[in-house]
Amino acid sequence: MTTDEAYVTAAFLVFLAVVLAWLVIYAFKMRRLEREVEDMAAADPEPGQNPDVPKVVPAGEADANAESASRAPEPVS
Amino acid sequence: MSLRNNLGPAFALVAFTFLIAAFALAFYWVPTDADQGFSQRIFYVHVPLALTAYACFAWGAWKALRLLWTNDSKYDLESYTAVHMGVIFGILVLVTGAIWARISWGVWWSWGERQLVLFLILFLFYCAYFMLRNSVDAGPRQARMSAVYALFGVVLIPISFLAIRLSENFIHPVVFTRDGPQMAASMFFVFCLSTVGTIALATALYHVELSGKRLDLKLKQRRKAYS
């Protein structure tokens, strides 16, 4: 490889290296955000996921659920 | 899924395709420059990077103007991300330029060149943007101050761009004159390919970073609301 070729290759590699560095930094940032979302979800679970908190069901839906629960199970063929 | 949500991946795909093609053609297809020899090939990475950095700063200034005009806080994050992209591409311009200067002129930097010095001033001006932004508490005041600063910086772009044409004695080459590009058609084709690829890359990175920053902001607001 001549000196000219080495310098040109270096210029192209610098470009690639900076883009890759950006990707690495951003991957770390995304991982941090993901962890924060997980922490928030663990601290404040959605209704129905925490067994201590009863799931809020709309009135019409609750009646339908109660009706289907009182019905006898269908035979399995 | 809407097209708006897929802008990042779409631009990333365009960038990947165009840049791979442009770099392969720059190395193996375009004729070697009679004056500078093989080292002229840095042109295909250095000039598109410079144009992209200018475009990022201009985009940041445009978003800053929209913020001041409409008072809509969403433009603050967009302006901030664009300036950040401009600084990243500015670093690349300075590094690739220094490599080219070393092989062509025998020095890493020439303080006598107005084009170089003005680009460095533009770059440092936008580096200071982050210092200003981080020295003020987050909120409407920070957004307005940053917007005014970003808007002032845009004045330096045409000065930096035209510096080489205003200069009387220079060693920095002038490729684009009033008579059009002073290069072979194949060289100009590869240059255009590289420019489109680099701008697409900047756009893809801008969208990814903007999504990350928006998510970060929403999480901070949520945490504040809970505490």
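The numbers here are math on the coordinates, done by the rules we state, and not lab data. On a predicted model such as this, the values are computed, not experimentally measured, just so you know. Cβ atoms come from the backbone with ideal geometry, glycine included; neighbour counts cover every protein chain shown.
For this structure, a couple of remarks:
- Computed lengthening from B:Ala24 to B:Asp216, 0.36 nm per intervening residue step minus Cα-Cα distance: 65.3 nm
- Normalised by the number of residues in chain B, the mean separation of alpha-carbon contacts (under 8 Å, six or more apart) gives a relative contact order of 36 percent.
- Most mobile of B:Ala53, B:Ala204, B:Ala128 in a GNM of chain B (Cα contacts under 10 Å): B:Ala128
- At the listed q of 0.15, 0.16, 0.17, 0.18 Å⁻¹, the Debye profile of chain B, built from one uniform point per Cα, gives log10 I(q)/I(0) equal to -1.06, -1.16, -1.26, -1.36.
- Helix B:43-70 vs. chain B, principal-axis angle (Cα, 0 to 90°, nearest 10): 30 degrees
- GNM top mover of B:Leu217, B:Leu151, B:Leu124 - chain B, alpha-carbon springs below 10 Å: B:Leu217
- Sorted fewest first by neighbouring Cβ atoms within 10 angstrom, B:Glu209, A:Glu36 come out as A:Glu36, B:Glu209.
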